[in-house]
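Below you'll find the structure, written out as structure tokens, and then a few comments.
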């Protein structure tokens, strides 16, 4: 019986996109043994973090109910953050950050662990995205569309596909609609995968780990990193202050609308 397995499914579906990247790469992709990780690199290079604000009365709650099943929580989170992104704009990084933190929490991470894992994941992905742009390894719009359609076609043949259809219907949408609207994150995932596939042709997994560490270290010295890092810090603060309240989040749009400020995303 063919099922949409946990690892395969999260690689290609947005509800677990950040957790998926860990499945795509070696477990120790942040740094080789005996070397520092992303947080350590960033701490050595970046200025002091912004001070945290107090929780606001304008806080917006979760998109799902506590008694929802895990699958329905994922679906509601996916739909909710997609709608949030439409309200905040395509350049706003907050929906991506919020969804990843919640997914890590649903997987059992503490709030602080989820925030750190999310920031590390985004920095890693963006560092590889910058490298891809510099080495002509980004995914074209045509190729992205083809890969997404091929993945969707394959998932529709899975024995448990109906479970996801029902979960997204419960969330007020459809699985296919949400999957095909996930082009922004899929672009990042597939482009980073292109870097991996290009590198691994002539190198070992151990060398890939070292390569990533060096790419991240270089990225953390760039102006792009400083711009991204500040946005991630504001995401952390705003998640505690506003939650899902888009009107409150719009007040920090000048920092959160980060994608159009990153040189490799032009």
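The values are calculated or read from the model by the stated rules, or taken from the named source; none is laboratory data. For clarity, every value in this text was computed on a predicted model and none was experimentally measured. Cβ sites come from the backbone with ideal geometry, for glycine too, and all protein chains shown count toward neighbours.
Residues are listed down the side, and each one gets a yes or a no for (1) in a helix (DSSP H, G or I); (2) surrounded by 15 or more Cβ atoms within 10 Å (Cβ to Cβ):
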residue	(1), (2)
137	no, yes
146	yes, no
154	yes, no
159	no, no
162	yes, no
191	yes, yes
195	yes, yes
203	no, no
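With a requirement of 1 or more residues that are closer than 23 Å to residue 127 by Cα and at pLDDT 95 or above, the helices (runs of 4 or more DSSP H) lying completely within region 209-266 that satisfy it span 223-241, 253-256. Determine whether region 67-81 contains at least one residue that is surrounded by fewer than 17 Cβ atoms within 10 Å (Cβ to Cβ) and either at pLDDT below 95 or assigned to a loop (DSSP other than H, G, I, E, B) (or both). Checked against the condition, which is being surrounded by fewer than 17 Cβ atoms within 10 Å (Cβ to Cβ) and either at pLDDT below 95 or assigned to a loop (DSSP other than H, G, I, E, B) (or both), region 67-81 yields at least one hit.
Being at pLDDT 95 or above, in contact with a helix residue (DSSP H, G or I) (Cβ under 8 Å, 6 or more places away or on another chain) and either surrounded by 14 or more Cβ atoms within 10 Å (Cβ to Cβ) or not in a loop (DSSP other than H, G, I, E, B) (or both) is the requirement here; does residue 173 meet it?
yes
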